[in-house]
Amino acid sequence: MTMERESINGVPEVTAVSTLNVIDLSGSDTHRSVSSLKQACLDCGFFYVINHGISDELMKEVFDQSRKAFALPLSEKMKLLKNEKHRGYTPLFDERLDPVNQLNGDYKEGYYIGIEVPEDDPRAQEPYYGPNVWPDEDVLPGWRQCMEKYHQLALDVAKAVSRLIALALDLEIEYFNKQEILGEPIAILRLLHYEGRVSDPSKGIYGAGAHSDFGFITLLATDDVSGLQICKDKDAVPQKWEYVEPVKGAFVVNLGDMLERWSNCIFRSTLHRVIIGGQERYSIAYFVLPNHNCLVECLPTCRSEENPPKFPPIRCRTYLGQRYEETHANLSKYQTHADLSTQERPKT
Ligand SMILES: O=C(O)CCC(=O)C(=O)O
Ligand SMILES: [Fe+2]
């Protein structure tokens, strides 16, 4: 299927709509689900998941609460600014996912919520564990409760997907659900809001720049505004981008770079980006990574004499640290909250 979606310098660019496999998590035919998932993981690392067990009501509540948070005045949002554990509000341009092609950074704002770990818990020593930043209950009633509920249920969905991934890699079904991997994971819920500024790749303006996700898998829920695009062959010239359309009630699931590493590049983490056509857009990403200490090294079923490991083993915390450093603004950028409200709008 093809559609005309973008016009760059007056030249219409025909952008295809990707047809992704659909995995039914309530299906009884595990063999069929595994083979469909495996084909998707080999081909592009993107697929839809349906019947995942999270109700439409809860999804609607999470989107409603997300809209309310982003609708607060900037001065209120800056009181919730991300902390050194990457929890809390991230303003426009905080992230620059594709530094080579982007002018200012992503035209999106976000809100990171991790697994809640109290400050006095020894686990809070880890770089990505600690307390979250929560809005006051009187500012956004029920907000924390809603996000914590979703956080927990999304992790269950991720674990269900990880069972199919394990089977697709000829591993035992609970391979990734072991204590040292997803038993105590780094799981990050990120609310996203794209303000509607029209993207223009020829000027380096994107909702989100081209990137692949860092972790194990990502579950993505979006409103009904399209914008997500994938590029199955990052080396093609010119690159060919395809839209991934929103499917009501489904998650878009994609594989992250850690899983690509783990699987010795047998499974793919694919380049994706967000192009905004002028309409505001909200999405909810849930990034799933293993435990801080987990050593990500070539899986036993993905190596052979002819196909030796392509990467050295690396600890999850080290890998994640490198990737955050490359793509996120340092906290010192926001010296005072006033900085951002007076921040010069980019010249484009
Ligand atoms: O908003 C979207 O559709 C995609 C967001 C994304 O790719 C990310 O945050 O990693
Ligand atoms: Fe992404």
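The values are calculated or read from the model by the stated rules, or taken from the named source; none is laboratory data. Everything numeric here is computed off the predicted structure, so don't read it as measured data. Here the Cβ positions follow ideal geometry from the backbone for every residue, glycine too, while neighbour counts run over all protein chains shown. These accessible areas exclude ligands, DNA and RNA; they are computed on the full protein's heavy atoms, side chains included. Shrake-Rupley method; radii C 1.70, N 1.55, O 1.52, S 1.80 Å.
Apolar share of the accessible surface for region 22-331: 49 percent from carbon plus sulfur atoms, 1.4 Å probe.
Legend: calculated FRET efficiency, Asp224 to Glu305, from the Cβ-Cβ distance at R0 = 56 Å, rounded to 0.05, equals 0.70. In the chain, helices alone account for a calculated mean residue ellipticity at 222 nm of -7500 deg cm²/dmol, with every DSSP H run of four or more residues adding -39,500 (n - 2.57).
Ordering Ser36, Ser66 from largest to smallest accessible area (1.4 angstrom probe), what's the sequence?
Largest accessible area first, the list is Ser36, Ser66.
Which whole-number percent gives the relative contact order of region 61-111, counting Cα pairs below 8 Å spaced six or more residues apart? Worked out over region 61-111, it gives 27 percent. Largest mean-square fluctuation among Val237, Val157, Val117, in a Gaussian network model of the chain whose springs join Cα atoms under 10 Å apart, belongs to Val237. The label point for Glu57 and the one for Val198, both projected 7 Å from the Cα toward the Cβ, are 4.2 nm apart.
Here's the list of aspartates and glutamates a cross-link from Lys310 could span, going by alpha-carbon distance under 20 Å and ignoring same-chain residues fewer than 8 apart: Asp43, Asp170, Asp213, Asp233, Asp235, Asp257, Glu260, Glu297. Local charge for Pro312 was computed over the other residues whose Cβ lies under 14 Å away, with Lys and Arg +1 and Asp and Glu -1, and equals +3. Taking all protein chains into account, the per residue accessible area for the chain stands at 46 Å² (1.4 Å probe). Look at where the Cα atoms of region 193-272 and of region 12-51 average out, and the two centres are 15 Å apart.
The value of relative contact order for region 189-287, using C-alpha pairs under 8 Å at least six residues apart, is 49 percent. Its Cα gyration tensor gives region 182-272 an equivalent ellipsoid; the semi-axes, largest first and in whole Å, are 23, 19, 12.
When you filter the GluC sites (Glu not before Pro) in region 306-335 for DSSP loop state and at most 13 other Cβ atoms inside 10 Å of their Cβ, you are left with Glu306.
Structural descriptor for the chain: relative contact order 21 percent, calculated from alpha carbon pairs under 8 angstrom and at least 6 residues apart. Semi-axes of the equivalent ellipsoid for the chain, computed as √(5λ) from the eigenvalues of its C-alpha gyration tensor and ordered from largest down, come to 29, 26, 20 Å.
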